[in-house]
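Engineer: Sending over a structure as structure tokens; questions will come in a sec.
The values are calculated or read from the model by the stated rules, or taken from the named source; none is laboratory data. As the structure is a prediction and not an experimental result, all values here were calculated from the model. Glycine gets a Cβ as well: all are built from the backbone with ideal geometry, and neighbour counts include every protein chain shown.
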Amino acid sequence: MRRGYEPPRVWPESVTEAELAGVPPLPKSQAEALDALEADDVVRGFFPADLITTYLSVKRAELAALDGLDDAECCRRIADVY
């Protein structure tokens, strides 16, 4: 997995906005993260296609089941599952 890739850069807490210019931001939601995974050919290539398809489907179904619920109800439903 490391062959041909730059070593990861660890940003100190004192990093400035100017130093971060051009660094892509982290996803702001699980839905954004799932979209980024689906769009990333390199990361998807680490896993069998059926696994990625299933994972994305399950996670999106979970999001749909929680859509519109308040935080307390989301926590209750998740606690019931886990």
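Per-residue answers, yes or no, for (1) surrounded by 13 or more Cβ atoms within 10 Å (Cβ to Cβ); (2) of a type outside the set (A, V, I, L, M); (3) touching a strand residue (DSSP E or B) at 6+ places or on another chain (Cβ under 9 Å):
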site	(1), (2), (3)
ALA31	yes, no, no
ALA39	no, no, no
ARG44	yes, yes, no
ALA49	no, no, no
GLU62	yes, yes, no
LEU69	no, no, no
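Engineer: Among the residues in region 14-27, are any surrounded by 11 or more Cβ atoms within 10 Å (Cβ to Cβ) and part of a helix (DSSP H, G or I)?
Structural biologist: no
Engineer: For residues in region 47-81 being among the hydrophobic types (A, V, I, L, M, F, W, C) and over 20 Å from the mean Cα position of the chain (by Cα), which is modelled with the lowest pLDDT?
Structural biologist: Taking the candidates together, the pick is VAL81.
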